[in-house]
Amino acid sequence: MFSVKEKRMIADAIQDLLHATKHPELPGGEIEFTLQVLGAEPWSWATIRNNGAVPVPSVNSWNEQQSQID
């Protein structure tokens with residue numbers, strides 16, 4: 001559903017939002033998370049994890065072509 005670049009951008013934004021809460025139970029470094037995004041169709045979905053958990057992301061050529069960011 002998202003390109004690798006889009007997933008990385010989303011993961012960075014989530015990381016920043018979580019750190020901005022300054023919640024005492026969160027680690028000071030990278031926060032591990034998994035976000036499941038469901039699209040408009042049953043076959044349209046994405047799983048986004050913190051960037052550190054995905055050192056070598058897999059590339060789906062369809063998703064890369066659909067990317068709206070440069």
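Read the figures in this text as sums done on the coordinates, not as results from a lab. Please read these numbers as outputs of a predicted model, since none were measured by experiment. A quick note on method: Cβ atoms are made from the backbone with ideal geometry, for glycine too, and the neighbour counts reach across all protein chains shown.
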Exercise for the section: With the condition kept exactly as written, say whether any residue in the range 42-62 is of a type outside the set (Lys, Arg) and touching a residue at least 60 places away in the same chain (Cβ under 8 Å). Expected result: no
Problem - All positions within the range 5-51 that are surrounded by 12 or more Cβ atoms within 10 Å (Cβ to Cβ), more than 25 Å from Gln65 (Cβ to Cβ) and of a type in the set (A, V, I, L, M, F, W, C) - result: Leu18, Ile31, Phe33
Practice task
Please go through the range 52-70 and pick out each residue that is surrounded by 10 or more Cβ atoms within 10 Å (Cβ to Cβ), assigned to a loop (DSSP other than H, G, I, E, B) and of a type outside the set (Val, Ile, Thr).
Solution key: Pro57, Asn60, Ser67
Handout entry: Filter pass, Glu41 being out of contact with any helix residue (DSSP H, G or I) (no Cβ under 9 Å at 6 or more places or on another chain), under 16 Å from Phe2 (Cβ atoms) and of a type in the set (D, E, K, R)
Key = yes
Handout entry: Of all residues making up the range 9-26, the number that are over 9 Å from the mean Cα position of the chain (by Cα), closer than 15 Å to Asn51 by Cα and not charged (D, E, K, R)
Key = 4
Handout entry: Members of the range 11-41 that are without any contact (Cβ under 8 Å) to a residue 24 or more places away in the chain and assigned to a helix (DSSP H, G or I)
Key = Ala13, Asp16, Leu17, Leu18, His19, Ala20
